[in-house]
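Colleague: Got a structure for you, written out below as structure tokens; questions coming shortly.
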């Protein structure tokens, strides 16, 4: 990832509206990761990632920024909610499960890349397997002449399978069925589970025969062919390496901050203390191997309406040196979110109604009005950011969505007056707005 901070910000601008300060801080953090990788090994080990604490209301783009960063860097990404973890001894997930989730995501990411790189070889294996099923087997001691005839017939059949001419033919294939050993379980429990399964005589893999069409067989056999082609050791090694440089987004961190002098929930501080070694840097055992968390980038986020970042325990605060405040979305930002992204909310509804043969058209003034009402609803009730647009647009389009069959082949125009007619009374009445929008 050789993008400069300016290029990173430009990339994020395509997906997240506004939040310039947050994007700038993140761009610098990402560039520093790249710089670190260019240094000698002794320096690399000592330069730790600068974890980020995002402070801001819900629905302003915190998660989206983190997710886009991971996609851009081709590293595994996991989003967790701090409030879902509880101190050991209380009911809940243990904090190490976030690292196991990250490794699982990393395995999927690397496997997909290796499959793409070996795509031709995998396809060749699948076609060969299907062709062998379609042709009667050649006797082992067949004369040379018969062997030559079989080779010619095999190549001809192979071409037919490739072209799709045999897609409707039926064949019987064997499908491997993997037993799920529970990705979320600690590795010790996974091993114990596997041992019990073996003791009672059920093995991890069983296969069953199934009659399917050639078209279906192409899909079903692809996974098995990929398993044969992909180097398992290479997959595991690369996945663990990526996981050690992955991104973990810890949402709702403000929910585990104990406010004031009261300690209403003793598990809150316990969760913080459990998180500490993971964020500080430790080694976690997963079913694929050990993962060192020293260079994982942790991004924590919270609204901090009730609590403050200073309510977190000092050791945890110190592990998030980069603080970024994200701004609430104003009317203009909501309008931009409504219209600018490639698959914006408005374009999504237009595509959905195209299925019914209805062309949905929005006046510029109507879009401005929707943004205005979404902003007002956020002001008068709870501020849920861009998520408010979903409820507002859904209310505006309720009738056309319900009666779409009556407008087949027509153009339905959404005007400013149409928007006002559906939203004005609701937004004006705070009590109704709380329940409807």
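Colleague: Out of all the residues in the range 205-235, which are in a strand (DSSP E or B), surrounded by fewer than 16 Cβ atoms within 10 Å (Cβ to Cβ) and at pLDDT below 85?
Modeller: Selection gives 205, 206, 207, 208, 209, 210, 211.
Colleague: Another question about this same structure. Which condition from (1) closer than 21 Å to residue 421 by Cβ; (2) out of contact with any helix residue (DSSP H, G or I) (no Cβ under 7 Å at 6 or more places or on another chain) is the one that residue 357 breaks?
Modeller: Condition (1) is where residue 357 drops out.
Colleague: Still on this structure, please answer the following. Look at the range 360-381 and say how many of its residues are part of a strand (DSSP E or B) and under 13 Å from residue 395 (Cβ atoms).
Modeller: 0
Colleague: Could you check how many residues of the range 363-422 are on the phi > 0 side of the Ramachandran plot and at pLDDT 90 or above?
Modeller: 1
Colleague: Scanning for something out of contact with any strand residue (DSSP E or B) (no Cβ under 7 Å at 6 or more places or on another chain), surrounded by fewer than 20 Cβ atoms within 10 Å (Cβ to Cβ) and farther than 30 Å from residue 419 by Cα, does the range 320-331 turn up at least one residue?
Modeller: Yes, that holds for at least one residue.
Colleague: Shifting gears a bit: Could you tell me whether any residue of the range 43-54 is touching a strand residue (DSSP E or B) at 6+ places or on another chain (Cβ under 9 Å), under 27 Å from residue 317 (Cβ atoms) and at pLDDT below 85?
Modeller: Yes, the range 43-54 contains at least one residue that is touching a strand residue (DSSP E or B) at 6+ places or on another chain (Cβ under 9 Å), under 27 Å from residue 317 (Cβ atoms) and at pLDDT below 85.
Colleague: Residue 289 - would you say it is at pLDDT 90 or above, more than 27 Å from residue 68 (Cα to Cα) and out of contact with any strand residue (DSSP E or B) (no Cβ under 7 Å at 6 or more places or on another chain)?
Modeller: Yes.
Colleague: Sort through 105, 51 and tell me the only one that's buried (at least 18 other Cβ atoms within 10 Å of the Cβ) and out of contact with any helix residue (DSSP H, G or I) (no Cβ under 7 Å at 6 or more places or on another chain).
Modeller: The unique qualifying residue is 105.
Colleague: Here's a check for you: in the range 264-304, which residue that is in a loop (DSSP other than H, G, I, E, B) and more than 27 Å from the chain's Cα centre (by Cα) is farthest from residue 80 (Cα to Cα)?
Modeller: 264
Colleague: Continuing with this model, one more query. Report those helices (runs of 4 or more DSSP H) wholly inside the range 1-101 carrying at least 1 residues which are assigned by TED's automatic domain parsing to the domain that holds residue 321 and farther than 23 Å from residue 293 by Cβ.
Modeller: Answer list for the range 1-101: 5-13, 20-37, 62-73.
For (1) touching a helix residue (DSSP H, G or I) at 6+ places or on another chain (Cβ under 9 Å); (2) without any contact (Cβ under 8 Å) to a residue 24 or more places away in the chain; (3) not in a helix (DSSP H, G or I), each residue gets a yes or a no:
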site: 120; (1), (2), (3): no, yes, no
site: 124; (1), (2), (3): yes, yes, no
site: 128; (1), (2), (3): yes, no, no
site: 136; (1), (2), (3): no, yes, yes
site: 139; (1), (2), (3): yes, yes, yes
site: 150; (1), (2), (3): no, yes, no
site: 154; (1), (2), (3): yes, yes, no
site: 162; (1), (2), (3): yes, no, no
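Colleague: Still on this structure: Among the residues of the range 307-328, how many are touching a residue at least 40 places away in the same chain (Cβ under 8 Å), in a loop (DSSP other than H, G, I, E, B), out of contact with any helix residue (DSSP H, G or I) (no Cβ under 7 Å at 6 or more places or on another chain) and more than 15 Å from residue 24 (Cβ to Cβ)?
Modeller: Residues in the range 307-328 being touching a residue at least 40 places away in the same chain (Cβ under 8 Å), in a loop (DSSP other than H, G, I, E, B), out of contact with any helix residue (DSSP H, G or I) (no Cβ under 7 Å at 6 or more places or on another chain) and more than 15 Å from residue 24 (Cβ to Cβ): 4 in total.
Colleague: Answer yes if at least one residue in the range 423-430 is in contact with a helix residue (DSSP H, G or I) (Cβ under 6 Å, 6 or more places away or on another chain), touching a residue at least 40 places away in the same chain (Cβ under 8 Å) and within 30 Å of residue 302 (Cβ to Cβ), and no otherwise.
Modeller: Within the range 423-430, one or more residues are in contact with a helix residue (DSSP H, G or I) (Cβ under 6 Å, 6 or more places away or on another chain), touching a residue at least 40 places away in the same chain (Cβ under 8 Å) and within 30 Å of residue 302 (Cβ to Cβ).
Colleague: Could you check residue 243 against (1) surrounded by fewer than 18 Cβ atoms within 10 Å (Cβ to Cβ); (2) at pLDDT 85 or above; (3) in contact with a helix residue (DSSP H, G or I) (Cβ under 6 Å, 6 or more places away or on another chain) and say which number it fails?
Modeller: (1)
Colleague: Answer yes if at least one residue in the range 58-75 is surrounded by fewer than 16 Cβ atoms within 10 Å (Cβ to Cβ), more than 20 Å from the chain's Cα centre (by Cα) and free of Cβ contacts under 8 Å to residues at least 12 places away in the same chain, and no otherwise.
Modeller: No: the range 58-75 contains no residue that is surrounded by fewer than 16 Cβ atoms within 10 Å (Cβ to Cβ), more than 20 Å from the chain's Cα centre (by Cα) and free of Cβ contacts under 8 Å to residues at least 12 places away in the same chain.
Colleague: If you scan the range 122-146, which residues turn out to be more than 19 Å from residue 224 (Cα to Cα) and either surrounded by 11 or more Cβ atoms within 10 Å (Cβ to Cβ) or within 43 Å of the chain's Cα centre (by Cα) (or both)?
Modeller: 135, 138, 142, 146
Colleague: Inspect all residues belonging to the range 87-101 and state whether any of them is surrounded by fewer than 19 Cβ atoms within 10 Å (Cβ to Cβ) and within 24 Å of residue 235 (Cα to Cα).
Modeller: So far as the range 87-101 goes, no, none of its residues is surrounded by fewer than 19 Cβ atoms within 10 Å (Cβ to Cβ) and within 24 Å of residue 235 (Cα to Cα).
The values are calculated or read from the model by the stated rules, or taken from the named source; none is laboratory data. Not measured: the values here are computed from a predicted model. As a convention, Cβ positions derive from the backbone with ideal geometry for all residues, glycine included, and neighbour counts pool all protein chains shown.
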